[in-house]
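Okay, structure first, notes after.
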Amino acid sequence: MHRRSTALVAATGLALTGLVTMAPGASAAPKKVVVVKGLDNPRQLAWDERSGALVVAEAGRGGATCGEEGCFGATGSVSRIARPGSVGARARTILSGLYSSSAPDGSFATGADGADVRGRDLFTIVTGGSPDLPPSPGSDQAGFLLRSSLGRTTKLANITAYELANNPDGKQVESNPYATLALNSGRRVLVADAAANAVIAVNPRTGRRTLFHEWTPRKGRPEFVPTSLAEDSRGNIYVGGLGSERKGKAKVVQFSSRGERLRTWGNFTSVTGIDVDDSGVLYVSELFGGAEGFGQVVRVTASGRDKIAVPLPSGIAVDGDGNVYVAAWSVADRDGSPGGEESPPLKSGRILRVLF
């Protein structure tokens, strides 16, 4: 059974070098294969259980409406890779015209950052925006969890409005819904609101919103900043946090289906994607992890942690055969620019298949 997972972005201009590193004690270099190229800031990955296809949320590259805080437009999308393990796999757009905001060059984009599938329903979360941002195509979607079914897309729940009304962490009122997870039970869809430091549960039939968990910031400590979600075969929920982008301060927390905290893994850096395989092994994307801070994917087992360098990774998804798919170069736009005059040209966003 495939597991669904999600992922956040915090973009930067970095000079990235080698793509493969050796885990301590490893006898051979891990294998990495490019599955698909040419994606616009790929973020969350999820499995379509009916077909085995891989679904990819693409944050887009902003648009033609520009202001002091960037450029905005409807360039976000969701794509589907029918056979991700085959040679010549291709991504096909299944939902387009979604809100996106970015720097003028298309980097630092946020927008359609998360997507998941349950049955015939596609759930997509669109990152919230400040009320002061200029109106642009798709801007009315900002902060909403969307549901697409039978060719029709509707606004299921306003996640940003929940933060404005309730402010679960009791601190600054700010919303950045980033990841979504349709639970196996079919009774709830979870949304990780990074800026609100909370995970919100949504009834997929009524759109009713309730609090699943919140993290209250403490003075002098990095904020949790939930960015990614996953569910295991027992119905336990995993939440990954950015940890205020501080080295070694990010965490992954396991909850029961009722929201009881069960376990915590620490010492990660900028967690942006998580998944759990059928045997309970945890996989983590670290956007700025690794010795050089350029990104890596980590496999957490009872015997330790295995690591593979992956440039600016985000969403991650594991199949039943142990293949690990990860969204790489997740903050580069289609034209290959991550932002920053000193940055070398980068390849566009892509999906890699990794075998530990």
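Below is a table of values for the structure above.
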read-out	value
Fully extended contour minus Cα-Cα distance, from residue 83 to residue 50, at 0.36 nm per residue	10.6 nm
Mean Cβ neighbour count within 10 Å, used as a protection proxy, ranking 98-107, 165-174, 238-247, 140-149 highest first	98-107, 238-247, 140-149, 165-174
Rounded, prolate or oblate (a/c below 1.5 giving rounded, otherwise prolate when a/b exceeds b/c) for the range 138-243 by Cα gyration tensor	oblate
Kirkwood Rh (inverse of mean 1/r, distinct Cα pairs), the chain, angstrom	19.5 Å
Cross-link pairs beyond the 20 Å C-alpha cut-off, checked among 31/247; 219/247; 32/307; 37/247	31/247; 37/247
Label-point separation, residue 166 to residue 233 (7 Å along Cα→Cβ), nm	3.3 nm
Inter-centroid distance (Cα atoms) of the range 106-159 relative to the range 57-73, Å	14 Å
Selection from 255, 191, 279 lying farthest towards where the dipole of the chain points positive, charges on Cβ	279
Sequence-distant residues sharing a close amide H with residue 348 (under 5 Å, placed H)	38
Using a Förster distance of 30 Å, the FRET efficiency for residue 93-residue 321 (Cβ separation, nearest 0.05)	0.65
Point-charge dipole on Cβ atoms (K/R +1, D/E -1) for the chain, about Cα centre, debye to 20	1060 debye
Loop-resident sites, the range 35-98, for trypsin sites (Lys or Arg not before Pro), counting at most 11 other Cβ within 10 Å (DSSP)	50
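Rule-based calculations on the coordinates, nothing more; no lab input. Predicted model, so just to flag it, every value in this text is computed and none were measured. Virtual Cβ from ideal backbone geometry, glycine too; neighbours counted across all protein chains shown.
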